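The structure under discussion appears below in the form of C-alpha cells.
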Ligand SMILES: [Zn+2]
C-alpha cells in the first residue's frame, strides 16, 4: 500500500463515522510531517450547520494543532472532491496538496464544475492527486444512497 492509500484509508474510516450517524459519508484527514494531525467527517445534519463538512471540521482542528490558520506543509486526504466552500477554505488555508478519492461531477471544485484549487488568478494553487482508492471511496457513497432509497421505499410502503 502506498503512503497516499494508507492515509486515504484513514479518511475512509472518518467517512464511515458519518454513515454511522446517517450523514452522507464523506471523510477527511490532514497530514503534516508524515503524521495525521486532524480528522473530520460530515456532520451537517447532526450539527444543523451548513459549514460542518468533513474538510471544514478537519481544517479547524489542524489550525488548532498547528496554532496557525496557515496549513502550509499539509496534505489533505478527502474521500470526495471538495465543494466550492471547502475548496475555497483549502486555498485560504494554503494547504500544499490535496489527495482525492472520487470525483463529484455535480458539485466538485477540484476540476469537475470548477477548479478552484488550481485557479491561477488566486494567490495560491494546490497540488492535486486524484483517484486514490477510487473504488472504495465511490462505492461508499453509492452504497449509502442505495440504502437510503431502499429505506425510504420501505417507509412509504408501510404508510400504504
Ligand atoms: Zn464541502
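Taken together, the values in this text are just the output of simple stated rules run on the coordinates, not laboratory data. What you see is a predicted model, and the numbers here were worked out from it, not measured in a lab. For neighbour counting, all protein chains shown are included, and Cβ atoms are generated from backbone atoms with ideal geometry for every residue, glycine included.
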| query | What FRET efficiency do you get for residue 151 and residue 106 if R0 is 22 Å and r is their Cβ-Cβ distance, rounded to the nearest 0.05? | reply | 0.50
| field | the stretch 82-138: translational diffusion in µm²/s, Stokes-Einstein, Kirkwood Rh over Cα pairs, 4 °C, 1.567 mPa s | value | 115
| remark: Here the stretch 18-95 gives, from Cα atoms, an Rg and Dmax in Å of 11.8, 34
| note | Percent antiparallel among DSSP beta bridges confined to the chain, rounded to 5, stands at 60
| field | Cα centroid separation - the stretch 1-77 against the stretch 82-141, whole Å | value | 13
| query | Which of the peptides 98-107, 46-55 is most tightly packed, and how do the rest follow, going by the mean number of other Cβ atoms within 10 Å of each residue? | reply | 98-107, 46-55
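For the stretch 20-160, count all C-alpha to C-alpha pairs, find those more than 24 Å apart, and express that count as a whole percent of the total.
32
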| field | Segments 75-83, 37-45, 110-118, 149-157 sorted - mean Cβ within 10 Å per residue, highest first | value | 75-83, 37-45, 110-118, 149-157
| request: Could you tell me how many degrees, from 0 to 90 and to the nearest 10, lie between the Cα long axis of helix 134-159 and the main elongation axis, the longest principal axis, of the Cα atoms of the chain? | output: 30
